[in-house]
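Written out below as structure tokens is the structure these notes cover.
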Number of protein chains: 2
Amino acid sequence: MTDTRQVRLMARAIQLAWRGRYSTHPNPRVGCVIARGDDILGEGWHERAGEAHAEIHALSKAGPAARGATAYVTLEPCSHFGRTPPCARALIDAGVAKVVVATMDPNPAVSGRGLAMLRDAGIRVTEGVLAEQARQLNPGFMKRMHCGRPYVRVKMAASLDGRTAMASGESQWITGAAARQDVQRLRAISDAILTGVGTVLADDPSLTVRRSELGDIGDATEPSRQPLRVIADRDARTPCDAKILHGGNVRLFCSSEALVTAPAQDLSALGVSVAGVRWKDNGIDLGEALDALGELGINDLLVEAGPTLAGTFVHERLLDELWLYQAPVFLGSTGRPTANLPLERMADKIQWTVKDQRQVGDDQRLILIPR
Amino acid sequence: MTDTRQVRLMARAIQLAWRGRYSTHPNPRVGCVIARGDDILGEGWHERAGEAHAEIHALSKAGPAARGATAYVTLEPCSHFGRTPPCARALIDAGVAKVVVATMDPNPAVSGRGLAMLRDAGIRVTEGVLAEQARQLNPGFMKRMHCGRPYVRVKMAASLDGRTAMASGESQWITGAAARQDVQRLRAISDAILTGVGTVLADDPSLTVRRSELGDIGDATEPSRQPLRVIADRDARTPCDAKILHGGNVRLFCSSEALVTAPAQDLSALGVSVAGVRWKDNGIDLGEALDALGELGINDLLVEAGPTLAGTFVHERLLDELWLYQAPVFLGSTGRPTANLPLERMADKIQWTVKDQRQVGDDQRLILIPR
């Protein structure tokens, strides 16, 4: 039975974990509370990969008082030596009497080992408290551990009549400053941002997180790096003076033919890594690209692309969430569409579940899940 | 100074007035409370044109206790004999000591006369309490009194990518049952529904209020009649077996040429009135049509039309509200547009203010005001 104290203290641990939303990648966001009864003795959250895990921070705050206390952790404590010693061992050494865990380690190969280590040491273990809320902390980490691919969020911005620009191509920011700040935050929780060469050539975006535009991030840990920028560019046409190449941490996906002929020296001088992937008639083989990004440790992928690449994610149902920003304007029936999505019959329509709807400045933001 | 008692009792009067939302047309919705201090002695609301006004109902409930009491009325009491005797006279005869009014009579020719009659009889008068909320009861009545035209609500239903049907014309209800019930309620607060002959020929709608589909209307007075159905049909092509012609109360706007050649006998046998209006290159002269509807006493006009007629209202900015229902689907970039709205330059874009946003079943409903 889940009791209210467990829920309350686990909710606090989840709140702490969120503080690492911009900084833990590729590690998961984890929070920990050490308590005796209702009294919190120590709190912690994982801040950055390579640094101490949440449990170690919380135990350190609690000090000797941790002996006989209960630890609330949002994710099963690790049982192996990674870049830091195993947290299960630290909890045992500190003498905690009980450990309450929200979710298991998502990696099927090691899931349960941390809890087994605790139980073997005579510690009482409860799991599953606020499990769904804790999974929501790390959808990308969870998905990558399960299937090797990142969690994919596709961002689109359109008018209420479903247009992004005029027929002539004339275009401008149609969403407001608040929506742009929201997108900055979306970038900041992402490990990588994917775009296509068409967008690079048309708009020359940098696709970086600009700290000043993030605004007040409250008690969150400061972002620790730029997301990896990924360009789908079959023929390696991205010009060397494109802004996106000049922020560091860039990967270019091209065809294996272009890989041979690409101006590799120029790109590598810029620190751009180039990889060959398969291409299909309608563009990059997204399955192969997602596998490749998973292998790079990308948990959360944001797609900020033109109507063709974004439309392919929708058409092939390879996205987990669509973030649709709707500006309160009509651009008219001759304008360019939200996404290039050639559907012929009503039966082919794409159905969404609305996960979240809110007003962001003057714009609407919908988070949609494919049904 | 507006005091809290005045606000509280006027809010109650407004609540009462809403009960007439489906039944007072062409009269305004009006509510009245008779109170002594905080004690409510009588309440009333206008139910149907030709029947007693709100003040008469409330005075009748209060009886002799009304002497020396205060009357709260959402609209300035009338000072003239219409289908009923003047309410200002009734308030004087009942001996009320004070009258609090939310809004003045919107008809500039008579505005203020009711209050003058009360003051002349020695009654203290306060006006302007919750004025904006009271105006919202009767946007159509207010607008018609000021400029002779009805308040225009255009209804559209589209996918989140701004499409209403497939390129082939294949179509089906894309919004859900809750949205359709919501549209029934929108029809029921409307005095008239305008559509075009294209919609009649393509969909053969009846455009009636179906009481069973309205659902539970709480303490509102039952709808007393069908809204007038209006068809914009330049060449009088509406077939005599069209469903819309068979619910009674139908008006057909055609060109003056068609007025001569139209099968007048057939239509008048069905009870359809036919009127000639001017047509322009892109369709009916909407200004002239709105003037004609205002002369017919139409306060609230609902436009349920195809993409061309609906688009013209937007293009010519002749609507007061757009009710946009968005189904959580994508129909794809080749689908038919929300509205035929040929805009060439970004500077021509139509900007909206979001007056209301809510979830209606699985769909989003936005009420948009042209900026």
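The values are calculated or read from the model by the stated rules, or taken from the named source; none is laboratory data. Remember, predicted model here, so these are calculated numbers, not experimental data. Because the Cβ atoms are built from the backbone with ideal geometry, glycine has one as well, and the counts that use them run over all protein chains shown. Only protein heavy atoms, including side chains, enter the accessible area calculation; ligands, DNA and RNA are left aside. Shrake-Rupley method; radii C 1.70, N 1.55, O 1.52, S 1.80 Å.
Would you pick out the residues in segment A:148-197 that are more than 22 Å from A:Arg21 (Cβ to Cβ), open to solvent by 20 Å² or more (accessible area, probe 1.4 Å) and either assigned to a helix (DSSP H, G or I) or within 12 Å of chain B (Cβ to nearest Cβ) (or both)? Break it down into steps so the answer makes sense when it comes.
Of the residues in segment A:148-197, the ones more than 22 Å from A:Arg21 (Cβ to Cβ) are A:148, A:156-176, A:195-197.
Filter once more, so that each one left must be open to solvent by 20 Å² or more (accessible area, probe 1.4 Å): A:148, A:157, A:164, A:167-174, A:176.
A:Thr164, A:Ala167, A:Ser168, A:Gly169, A:Glu170, A:Ser171, A:Gln172, A:Trp173, A:Ile174, A:Gly176, listed by residue number.
Taking the criterion of being closer than 20 Å to B:Ala292 by Cβ and in contact with a helix residue (DSSP H, G or I) (Cβ under 8 Å, 6 or more places away or on another chain), the residues of segment B:238-251 that qualify are B:Thr238, B:Ile244, B:Leu245, B:Val250.
So, of the residues in segment A:118-141 that are in a helix (DSSP H, G or I) and either touching a Leu at 6+ places or on another chain (Cβ under 8 Å) or in contact (Cβ under 8 Å) with a residue 40 or more places away in the chain (or both), which turns out to be nearest to the other protein chains (Cβ to nearest Cβ)? Residue satisfying both the conditions and the ranking: A:Pro139. Cβ-Cβ distances below 6 Å connect the following pairs, each with a first residue in segment B:213-238 that is over 16 Å from B:Ser23 (Cβ atoms) and without any contact (Cβ under 8 Å) to a residue 40 or more places away in the chain, a second residue that is part of a loop (DSSP other than H, G, I, E, B) and not hydroxyl-bearing (Ser, Thr, Tyr), and a separation of six or more residues or different chains: B:Arg229/B:Leu207; B:Ala236/B:Ala262.
Take the residues in segment A:125-147 that are among the small types (Gly, Ala, Ser) and over 14 Å from A:Ile298 (Cβ atoms), then tell me which one is surrounded by the most Cβ atoms within 10 Å (Cβ to Cβ). Lay out the reasoning, then the answer.
First pass over segment A:125-147, keeping only residues among the small types (Gly, Ala, Ser): A:128, A:131, A:134, A:140.
Applying the additional criterion that residues be over 14 Å from A:Ile298 (Cβ atoms) yields A:128, A:131, A:134.
Working: A:Gly128: 13, A:Ala131: 16, A:Ala134: 26.
Step by step, filter segment A:125-147, then rank; the result is A:Ala134.
When B:Lys349, B:Lys355 are checked against the criterion of being of a type in the set (Lys, Arg) and surrounded by fewer than 16 Cβ atoms within 10 Å (Cβ to Cβ), B:Lys355 stands alone in meeting it.
Every residue, every condition in (1) over 18 Å from B:Phe141 (Cα atoms); (2) in contact with a Leu (Cβ under 8 Å, 6 or more places away or on another chain), yes or no:
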position	(1), (2)
B:Ala11	yes, yes
B:Trp18	no, yes
B:Trp45	no, yes
B:Glu55	yes, yes
B:Ser60	yes, no
B:Ala65	yes, yes
B:Phe81	yes, no
B:Pro85	yes, no
B:Val100	yes, yes
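Among the criteria (1) touching a Gly at 6+ places or on another chain (Cβ under 8 Å); (2) under 30 Å from B:Gly44 (Cβ atoms), the one B:Ser255 does not fulfil is (2).
Note on segment B:198-209: residues that are surrounded by 13 or more Cβ atoms within 10 Å (Cβ to Cβ) and assigned to a loop (DSSP other than H, G, I, E, B) amount to 5. In segment B:102-124, the qualifying residues are those that are β-branched (Val, Ile, Thr) and open to solvent by less than 30 Å² (accessible area, probe 1.4 Å), and the one that is farthest from B:Ser190 (Cα to Cα) is B:Ile123.
Among the numbered conditions (1) open to solvent by 70 Å² or more (accessible area, probe 1.4 Å); (2) modelled with pLDDT of 90 or more, tell me where A:Trp279 comes up short. Among (1) open to solvent by 70 Å² or more (accessible area, probe 1.4 Å); (2) modelled with pLDDT of 90 or more, A:Trp279 violates only (1). Answer yes or no as to whether A:Asp233 is of a type in the set (Asp, Glu) and in contact with a helix residue (DSSP H, G or I) (Cβ under 6 Å, 6 or more places away or on another chain). For A:Asp233, the condition - of a type in the set (Asp, Glu) and in contact with a helix residue (DSSP H, G or I) (Cβ under 6 Å, 6 or more places away or on another chain) - is met. Condition test on B:Asp219, is it assigned to a loop (DSSP other than H, G, I, E, B), farther than 30 Å from B:His53 by Cα and open to solvent by 50 Å² or more (accessible area, probe 1.4 Å)? Taking the combined requirement at face value, the residue does not satisfy it. When you check B:Val260 against the structure, is it touching a strand residue (DSSP E or B) at 6+ places or on another chain (Cβ under 7 Å) and open to solvent by 20 Å² or more (accessible area, probe 1.4 Å), yes or no? No: the conditions fail for B:Val260.
Working only within segment B:298-311, note down all residues that are buried (at least 24 other Cβ atoms within 10 Å of the Cβ) and among the β-branched types (Val, Ile, Thr). Result: B:Ile298, B:Val303. Of all the listed residues (B:Leu324, B:Leu252, B:Leu270, B:Leu290), the sole one being open to solvent by 20 Å² or more (accessible area, probe 1.4 Å) and among the hydrophobic types (A, V, I, L, M, F, W, C) is B:Leu270.
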